1. Taking strands (runs of 3 or more DSSP E) that do not extend beyond the stretch 54-134, which have at least 3 residues that are in contact (Cβ under 8 Å) with a residue 40 or more places away in the chain, in contact with a Cys (Cβ under 8 Å, 6 or more places away or on another chain) and closer than 28 Å to ASP25 by Cβ?
2. Can you tell me which condition THR109 does not meet? The list is (1) touching a strand residue (DSSP E or B) at 6+ places or on another chain (Cβ under 9 Å); (2) closer than 16 Å to LEU33 by Cβ, and all the others hold.
3. Is it the case that the stretch 85-94 has a residue that's of a type in the set (D, E, K, R) and surrounded by 15 or more Cβ atoms within 10 Å (Cβ to Cβ)?
4. Scan the stretch 38-60 residue by residue and report those that are loosely packed, with under 11 Cβ neighbours inside 10 Å and touching a Gly at 6+ places or on another chain (Cβ under 9 Å).
Amino acid sequence: MEIDNAPPRTPVRPCSTLVYDCLMDDKKILEKLREICLALPKTSETTTFGHPTFQVGTKTFTVLETYKGVLSICVKVGKKMQPVFLEDDRFYRTPYVGQHGWVSLRANTKLNWIEIRDLVEGSYQLVHVKKRRR
């Protein structure tokens, strides 16, 4: 007789597509993030350092990356707002570009897609406005 050492399965419950989603796999997170990012004007998707990257023109405004084993959504919030986000445990300073006002949202938890849309749109505005001033 075999002993089943697997943890008990939790019941599957329906996920909301508007606010909080149950835990999602990487592909589904990328699909939803792509939908949000590419709905913005003059945006495109590319890959940088192996990570899906969303740009307006040639300027990056959102990246989906795995850092130290944690899938994260990286956005620019600006240097003044960055400390506010870093008070929330879901966020950390984005490696390599954090000094420019970037934060990363850990995606290994329930995600609020309205919040993510707002973060992406804010990042887009920061990057796009700066680009237009030049």
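Just so you know, all these numbers are worked out from the coordinates, no wet-lab data involved. Just so it is clear, the structure is predicted and the values come from calculations on it, not from any experiment. Because the Cβ atoms are built from the backbone with ideal geometry, glycine has one as well, and the counts that use them run over all protein chains shown.
1. Result: 59-67.
2. (1)
3. yes
4. LYS42 - this is the single residue of the stretch 38-60 that is loosely packed, with under 11 Cβ neighbours inside 10 Å and touching a Gly at 6+ places or on another chain (Cβ under 9 Å).
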